[in-house]
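This report concerns only the one structure given below.
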Amino acid sequence: MYKEIPKSRDVFSARTEEIRELMNNACFGQRDVQYKRFSDFTSAHNIGKEVALRFELAECLKLLIDRIAETMSVEIISLMLVERNGTRLAIEVARGLSEEAVKNTKVNVGEGVAGWIAKTGESLLVEDITKDERFPSRGGKYYTNSLLSVPLKISNRVIGVINVNNKTSKSVFIKDDLEMLSTVAEMAAVAIENARFRQDARTQEQMRSNFISNVSHELRTPLTAIKEAVCMILEEIIGTVSGEQKRFLEIAKKNIERLNRLIEGLLDLGKLESKKCCEKRRLFDVIEVTNAVIELLGPLAKEKAISLTKVLPQQKVEIWGDADRVTQVITNLLGNSIKYNRQNGTIEVRVSETDEAVTISIVDTGVGISPEDAEKIFERFYRVKTHSGEQKHGTGLGLAITKEIVHAHGGKILVESQIDKGSMFTVILPKDLRKKKE
Ligand code: ADP
């Protein structure tokens, strides 16, 4: 969905080289200065590394300013990000400022210290801001003597600014402090941009999911009404219908049913993705559930003269999960192995167990799946195009739903297949997810 910015690695490796060089220099001459620079670079490098490992944007920003505050011992620190339209900066996270200041501070690009940094992309060290002619209008309730302000830059694009005010020791900032903060900002910018991409991708995914779910709900009611009307005409409740008319009405009815299955599948997938599924968890016997599905689908296999056998343990195999959802998994897989099997084919359903997990395998002698398709069949709406052009009825949602259920149970699903030979779908479920979580 999103692309990580590849620069982060380069930044780290370039910095690692720099640190190595400083270590060498530190060993031979100018000892105190070099040691100080070395330790600043190491701190900056460590902060950058730690921040890059955080997944959530808010977490990433909070950690960043906490670490800067600890390492540099400063009174006030704020991190501002440029808003989407590129004209204003807003404080995202701060230390030493009131909640009100954090909420209300918005700065136009080009105005004030942060705005100047955002516009020019340059860093700033001011020993006494009140004596700096570039920022005459500066004032407010926070007393500032010395300040550092550095851009968060991706290539030449400024995405934000880090402001640091007043050392707790009351001494002024020096060039080394500016260098250290610039190094942290250089690495943090990449981490922040990546975290933002992830956040945007998640928001878009959520919006897409809500949209699908809303539209599906809206389609359900009129579709039911259409189906009822078609059925009434077909059953000649309203009046006689000719054979030709019936034929067309049957086609309409079949397609309405198909659309219905699609809508139900989409709603189900929406529920699964929003984690509103598999809530009715209890201990249940997988063997009992498997036998019930075999019994239900047995007649379908018989219609194609498929021999359906099972290899199941004699004793109960209990797992903690949602029995209805696991039934749905086995039904989908067994249903597919019948649908995509040949006439007179075979299917074997196997269940085995270890102390920790249960494995359910369904092996068929059907059309098989190529390695390229096998990678995609768990995606929603993906359906394999057969060489013969023959297309079985389906929505392309069954395996996507199956995968979501299996994952919600902490399990995994695998497929092994060979074109024209057959397929084996394997589901491995932990027996007790509660133990896994502990
Ligand atoms: P549907 O069966 O509704 O098309 P699924 O999500 O259940 O959707 O399956 C996706 C695709 O994977 C199917 O269209 C089919 O091409 C392929 N497939 C699934 N199970 C099998 C199987 N046992 N043998 C061969 N192909 C299969």
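Select from Ile237, Thr203, Ser216 the residue farthest towards the positive end of the dipole of the stretch 162-243; place +1 on Cβ of Lys and Arg, -1 on Cβ of Asp and Glu, and compute about the Cα centre.
Value: Thr203.
When only the heavy atoms of the protein chains count and the probe is 1.4 Å, how do Met424, Met72 rank by accessible area, highest first?
Descending order: Met424, Met72.
With charges only on Cβ, +1 for K and R and -1 for D and E, what is the dipole size of the chain about its Cα centre, in debye, rounded to 20?
380
If you average over every viewing direction, what projected area does the convex hull of the Cα atoms of the stretch 202-273 give, in nm²?
Its average projected convex-hull area is 5.2 nm².
So what does the Cα-only Debye profile of the stretch 79-130 read at q = 0.16, 0.17, 0.26, 0.30 Å⁻¹, as log10 I(q)/I(0), no solvent term?
At q = 0.16, 0.17, 0.26, 0.30 Å⁻¹ the computed log10 ratios are -0.49, -0.55, -1.08, -1.17.
At most 12 other Cβ atoms within 10 Å and a DSSP loop assignment: could you name the GluC sites (Glu not before Pro) in the stretch 253-330 that fit?
Answer in residue order: Glu279.
Where the accessible area of the chain is counted over protein heavy atoms with a 1.4 Å probe, how much of it, in %, is carbon and sulfur?
53
Calculate the dipole size of the stretch 42-99 relative to its Cα centre from +1 charges on Lys and Arg beta carbons and -1 charges on Asp and Glu beta carbons; express the result in debye to the nearest 20.
180
Just the accessible area for His45, please: 1.4 Å probe, Å², rounded to the nearest 10?
For His45, solvent-accessible area is about 20 Å².
What is the diffusion coefficient of the stretch 269-331 in µm²/s, taking the Kirkwood radius over Cα pairs and the Stokes-Einstein relation at 37 °C with a viscosity of 0.692 mPa s?
For these conditions, the coefficient is 248 µm²/s.
Projected onto the charge dipole of the stretch 260-408 (+1 at Lys/Arg Cβ, -1 at Asp/Glu Cβ, origin at the Cα centre), which of His407, Gly394, Gly368 gives the Cα projection farthest towards the positive end?
Gly394
Give the accessible area for Arg350 in Å² (nearest 10); use a 1.4 Å probe, count only protein heavy atoms, and leave out ligands, DNA and RNA.
My reading of the accessible area for Arg350 is about 90 Å².
Above 27 angstrom, tally the Cα pairs of the chain and express them as a % of all pairs, no decimals.
68
What does the charge dipole of the stretch 281-435 about its Cα centre add up to, to the nearest 20 debye, if the Cβ of each Lys and Arg holds +1 and the Cβ of each Asp and Glu holds -1?
Approximately 260 debye in magnitude.
As an exercise, identify the trypsin sites (Lys or Arg not before Pro) in the stretch 108-217 lying in DSSP coil whose Cβ has no more than 15 other Cβ atoms within 10 Å.
Arg134, Arg138, Lys141, Lys170
In 5 Å bins starting at zero, report the fraction of Cα pairs in the stretch 281-435 per bin as a rounded %.
2, 9, 19, 23, 21, 15, 8, 3, 1, 0
Using the beta-carbon distance between Lys49 and Ser370 and R0 = 51 Å, what value does 1/(1 + (r/R0)^6) give for FRET efficiency, to the nearest 0.05?
0.75
If you average the C-alpha positions of the stretch 99-125 and of the stretch 188-204 separately, how far apart do those two centres end up, in angstrom?
21
Quote the accessible area belonging to Glu356 in square angstrom, nearest 10, computed with a 1.4 Å probe and with ligands, DNA and RNA left uncounted.
My reading of the accessible area for Glu356 is about 140 Å².
Express in whole angstrom the spacing between the alpha-carbon centres of the stretch 298-320 and the stretch 228-274.
The stretch 298-320 and the stretch 228-274 have Cα centres separated by 32 Å.
Around Leu63, what is the net charge, scoring Lys/Arg as +1 and Asp/Glu as -1 over all other residues with Cβ under 14 Å from its Cβ?
Computed value for this residue: -1.
The values are calculated or read from the model by the stated rules, or taken from the named source; none is laboratory data. Keep in mind the model is a prediction, meaning the values are calculated, not measured. Here Cβ is always computed from backbone atoms with ideal geometry, including for glycine, and neighbour counts include all displayed protein chains. Heads up: the accessible areas ignore ligands, DNA and RNA and are worked out on the full protein's heavy atoms, side chains in. Shrake-Rupley method; radii C 1.70, N 1.55, O 1.52, S 1.80 Å.
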